[in-house]
Amino acid sequence: MLEKNYTPKDFEEKIYADWETSGDFKPDMRSNKDAFAIVIPPPNVTGILHMGHALDNTLQDILIRYNRMLGKKVLWQPGTDHAGIATQMVVERNLAKEGKTKHDLGREKFIETVWKWKEHSGGTITKQLRRLGASCDWSRERFTMDEGLSRAVRKIFVSLYKDGLIFKAKKLVNWDPKLGTAVSDLEVVQKDTLGKMYYYRYPIEGSDSEYITIATTRPETMFGDTAVAISKDNEKLKHLIGKNCIIPIINKVIPIIADEHADPEKGTGAVKITPAHDFNDFEVGKRHNLPLVNILNPDATLNENTPYEGMTTQEARAKTIEELTKLGLMDKIEDHPMVIPYGDRSGVVIEPLMTDQWFVDAPTLAKEAMRVVENGEMEFVPKSYEKTYFEWMRNIQPWCISRQLWWGHQMPIWYGPDDTIFCEENEEEALAAAEKHYGKKVELRRETDVLDTWFSSGLWAFSTLGWPDKTEYLDTFYPTSVLVTGFDIIFFWVARMMMMSMYKMKQVPFKKCYIHGLVRDEKGQKMSKSKGNTVDPMATIEKYGADALRFFMAAMETQGRDINLSEARIAGYRNFATKLWNAARFGEMNECRLDASYNPKNAKLAVNKWIIAKAQEASKEVTENLNSFRFSDAANAVYQFVWGSFCDWYIEMIKPILYGENEADKAETRATFAWVLDRILIILHPFMPFITTELWNNTSERSVKLIHAAWPENEQIDEQAMKEIDWAIDLISEIRSLRSEMNIPASAKLTVYLKGAEEKSKQHLSQLDKIICTLARLESIGAYEGEITPDMVQGVFKESTLLLPLKGVVDFKAEKERLKKELDNLNKYLEGYERKLSNPSFVERAPAAVVEEERRRQSEAKENKAKVEAALERIANF
RNA sequence: GGGUGUGUAGCUCAGGUGGUUAGAGCGCUACGUUGACAUCGUAGAGGUCACAAGUUCGAGUCUUGUCACUCCCA
């Protein structure tokens, strides 16, 4: 027996545990159908589930469950990312609580500590994914630092290095002074800030009175200046080009050069050039062969090349201004809107810094990655994201992959005594290579840098399937079917996976890439911890059930749009689950059990034929929409069918049968009900896996689990079977509407006549009069050919006229108002039809069918108008 | 500055290739009958589809422009 109330908490976790322990998430490798695979975007091992994950993983689970029910070999490959910076920060923070730093432990011990942390606290998010219902094959869970995946990383690295696609270079990179590491362009966020523009003068060499005034936002970097630039088109200043000027305080002589970087319209037209601390200046320096002077330590304090060694940039800035003022060289300070780079993890100001770093030749790898999108081997859904992808790929820069961290994949690079580089997959091979190179055994020193986390996630699509080994899973599931992720991750991850996969596998990592939007708060604001507007999916699941949250995500997911979280709506989908629950209880109470001998094709009763056809129609819609990633349309198709067709109409219509005496009709109806409920559970299962399973397990005897039940395919829908009941529904709605408008009490049982009904309508009427009477609360309904009398309220129903004899209780005032309103409406439509049909070019040029339809409507409206006018006429004197 | 979206009912949003009277959920109004469900039912109100011009027999849908906002990249 089903409980009276729907309480998801009672069964969700129990059902999940059964799936997992029974191995229901493992692919059926014996299936002779296609393979379908998704690799999960690996959440950070430090992560906790947020609404974005809930959306992303709900969509993936829907696709996975749908394809599993289609009988394919289905793999959802799960795992987590070691998340270099994020994880290291978490562990360092814990150490700080004990008053320790990572240096107190040393590298080896620290890494050990991180692993321990991972074992104890790293599984939070995967537990939460289970709560959401994600049907990942957890027996295959991977971690980017697993031995297998690490081997893949080393292998790819060595391969790229030997192909000349990884190189070491001293370059200006984004340096995070807090973390003490280089970061990639993508890990830097540019923030608009109101800063200051400082105007001050550099004396011209060999002149007592001449100066050049420069404008800068960072005066403290002047000790690293190696030139001042002026545009050669700058009429006012170009006479200074070729002369030298003197950096005050340190009295260093630097040249004044001509370069287009100096915009005559901006500032003073003269720009100080600091090639070691500014990306633009670096380019200028390259053009003019300027020396590079580094003025910063790795922690962003000033170094020995400045007079302010040890000061922070802020302190040095104040000091510099003070000194310049004393020297009488400061002109003015203005407010100046500017953009300042911050580290997205550390939150501190990023400094461009000259350091030795390792780079991947991304521009070369991007070529293949672009080609396969151009020729459609990999398709973005929605397609418009192609543009974003191409735009980024076309302008891609070498990718800085080295990080000065401890937690991560240490680069497989060894240095010989003379710094010769040996890049091999392990130390033995490196030693062997060195011995060959030097002609003797030598000691090697390993590169201490680790790799950018995205390097290993770039291999995710094939490393998780077993590469570099040749495995059955790699054979079966690569390339994977679809990747589901947010647009914010296209550059970080999608692009890198495309590059790495094309480089090594020569095949796309996934055939399609479905991109969804962001989950925002109720007001459309981005959710963030700092704003305090985050909503915890676990709390939502606790309150409304995982199914309600999942259905919300699916129903709100329309291509190319963000989702605003709405608790009212989630509650609405919980109500939907309740509705289904109660419908199943209704079936249970009326002994609607699945009947093995039942075939829906043999149903005889109109209501049953109708609901079967509707169910098949809904199945088809869900299927088509899921095939084209139209999640909201798919979800709404089930919703409308369950609530609108099944609960609102079908259940109401079969009550007289189930409560009646005709045993044959009863039996057919019970079996049909059970069949339809079954169908609902099947097509709803991908969206609401828990409630559907709970009902599946508790309504009838089953030979197969719902998670493996067969999805309906290629059904013949009996369109004809829908017409009769649709006709009755229209009629009932019309009668209800009339009753309501005429303020007829719900309890009053009426008699209704149809005048002027065609033969077909009369047939419907006699077959369905019981249903119509029950649902419209009538005493009786029948055809009528007598005169219409003034005490009959009159409605228009298709070709016929609907008559409600009210025997002296007609509210004539209400009736007149109603009829007048009706008349106004008809006149409005008639005007529209008239306008169209009197336009000769419409009649000539529009397709015949459209014109014909318009004529039909016009004549129908004319007939209705005549009826309404007659009715008004009849009661004019009352 | 470059690029990309978005603007439809009080609110949150649907409306693949142009063709009935533009839909849903929530909210609102009125009513509510014994039995699946008040986490419900029935009926109803509410929209000049941001604005302007254009293409077309016909535009929420296509084109251009304007305004407002979002996001991405500089």
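Numerical summary
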item	result
Residues of segment A:249-284 classified as of a type in the set (Lys, Arg) and either buried (at least 21 other Cβ atoms within 10 Å of the Cβ) or under 46 Å from the mean Cα position of the chain (by Cα) (or both), total	2
Residue count, segment A:229-270 (criterion: out of contact with any Pro (no Cβ under 8 Å at 6 or more places or on another chain) and under 26 Å from A:ASN297 (Cβ atoms))	5
Pairs, first charged (D, E, K, R) in segment A:5-31, second at pLDDT below 95 and open to solvent by 100 Å² or more (accessible area, probe 1.4 Å), C-beta under 8 Å, six or more apart	A:ASP10/A:GLU3
Any hit, segment A:617-624, residues being free of Cβ contacts under 8 Å to residues at least 12 places away in the same chain and under 33 Å from the mean Cα position of the chain (by Cα)	yes
Segment A:613-625, residues that are of a type in the set (Val, Ile, Thr) and open to solvent by less than 10 Å² (accessible area, probe 1.4 Å)	A:VAL622
Qualifying position, being within 26 Å of A:PHE462 (Cβ to Cβ), surrounded by fewer than 20 Cβ atoms within 10 Å (Cβ to Cβ) and either among the aromatic types (Phe, Trp, Tyr) or in contact (Cβ under 8 Å) with a residue 60 or more places away in the chain (or both), among A:ARG68, A:ARG131, A:ARG151, A:ARG107	A:ARG151
Criterion violated by A:GLU425 - all others in (1) in contact with a Pro (Cβ under 9 Å, 6 or more places away or on another chain); (2) open to solvent by less than 40 Å² (accessible area, probe 1.4 Å); (3) among the charged types (D, E, K, R) satisfied	(2)
One residue from A:LEU738, A:LEU731 being within 16 Å of RNA strand B (Cβ to nearest atom), modelled with pLDDT of 90 or more and part of a helix (DSSP H, G or I)	A:LEU731
Residues satisfying the stated conditions in segment A:644-677, i.e. of a type in the set (S, T, N, Q) and surrounded by 23 or more Cβ atoms within 10 Å (Cβ to Cβ)	A:THR669, A:THR672
Residues of segment A:298-340 satisfying the condition of being within 16 Å of RNA strand B (Cβ to nearest atom) and open to solvent by less than 50 Å² (accessible area, probe 1.4 Å)	A:MET338, A:ILE340
Residue, most open to solvent (accessible area, probe 1.4 Å), within segment A:626-643, restricted to residues that are within 7 Å of RNA strand B (Cβ to nearest atom) and either in contact with a Ser or Thr (Cβ under 9 Å, 6 or more places away or on another chain) or not in a helix (DSSP H, G or I) (or both)	A:ARG630
Breaking point among (1) under 21 Å from A:ASN280 (Cα atoms); (2) within 36 Å of the chain's Cα centre (by Cα), for A:LYS178	(1)
Residues of segment A:138-148 satisfying the condition of being in a loop (DSSP other than H, G, I, E, B) and free of Cβ contacts under 8 Å to residues at least 60 places away in the same chain	A:ASP146
Checklist (1) assigned to a helix (DSSP H, G or I); (2) away from RNA strand B (no atom under 12 Å from the Cβ); (3) within 27 Å of A:LYS9 (Cβ to Cβ) applied to A:ARG585, failing item	(2)
Hits in segment A:61-102 - residues which are aliphatic (A, V, I, L, M), within 30 Å of A:ALA546 (Cβ to Cβ) and assigned to a helix (DSSP H, G or I)	A:ILE62, A:LEU63, A:ILE64, A:MET69, A:ALA86, A:VAL90
Residue that is nearest to RNA strand B (Cβ to nearest atom), among those in segment A:370-414 that are open to solvent by less than 60 Å² (accessible area, probe 1.4 Å) and of a type in the set (D, E, K, R)	A:GLU386
Some residue of segment A:592-609 being within 13 Å of RNA strand B (Cβ to nearest atom) and either of a type outside the set (Phe, Trp, Tyr) or without any contact (Cβ under 8 Å) to a residue 12 or more places away in the chain (or both)	yes
Qualifying residue in segment A:20-30 (condition: at pLDDT 85 or above and over 30 Å from A:THR699 (Cβ atoms))	yes
Which numbered condition A:GLU542 fails, given (1) more than 8 Å from RNA strand B (Cβ to nearest atom); (2) without any contact (Cβ under 8 Å) to a residue 24 or more places away in the chain; (3) charged (D, E, K, R)	(2)
Test: residue in segment A:2-23 that is over 16 Å from A:TRP493 (Cβ atoms), touching a Leu at 6+ places or on another chain (Cβ under 9 Å), open to solvent by 10 Å² or more (accessible area, probe 1.4 Å) and part of a loop (DSSP other than H, G, I, E, B)	yes
Selection status of A:GLY560, more than 19 Å from A:PRO686 (Cβ to Cβ) and small (Gly, Ala, Ser)	yes
Residue satisfying condition, being at positive phi, of a type in the set (Gly, Ala, Ser) and crowded, with 18+ Cβ neighbours inside 10 Å, within set A:GLY532, A:GLY517, A:GLY545	A:GLY545
Strands (runs of 3 or more DSSP E) contained in segment A:771-847 and holding at least 1 residues more than 15 Å from RNA strand B (Cβ to nearest atom) and more than 30 Å from A:TRP610 (Cα to Cα)	A:792-797, A:800-805
Helices (runs of 4 or more DSSP H) completely within segment A:429-497 that count 1 or more residues being within 16 Å of RNA strand B (Cβ to nearest atom) and open to solvent by 30 Å² or more (accessible area, probe 1.4 Å)	A:453-457
Complete set of residues in segment A:548-573 that are touching a residue at least 40 places away in the same chain (Cβ under 8 Å), in a helix (DSSP H, G or I) and either open to solvent by 50 Å² or more (accessible area, probe 1.4 Å) or in contact with a Cys (Cβ under 8 Å, 6 or more places away or on another chain) (or both)	A:GLU567
A:THR534 vs. criteria within 8 Å of RNA strand B (Cβ to nearest atom) and hydroxyl-bearing (Ser, Thr, Tyr)	no
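Yes/no per residue for (1) of a type in the set (A, V, I, L, M, F, W, C); (2) open to solvent by 40 Å² or more (accessible area, probe 1.4 Å):
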site	(1), (2)
A:ILE772	yes, no
A:ILE781	yes, no
A:LEU826	yes, no
A:LEU830	yes, no
A:GLU852	no, yes
A:ALA861	yes, no
A:ALA870	yes, yes
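The values are calculated or read from the model by the stated rules, or taken from the named source; none is laboratory data. Worth saying up front: this structure is predicted, and the values here are computed from it rather than measured. Neighbour counts run over all protein chains shown; Cβ positions are idealised from the backbone, glycine included. SASA here: full protein model, heavy atoms, side chains in, ligands and nucleic acids out. Shrake-Rupley method; radii C 1.70, N 1.55, O 1.52, S 1.80 Å.
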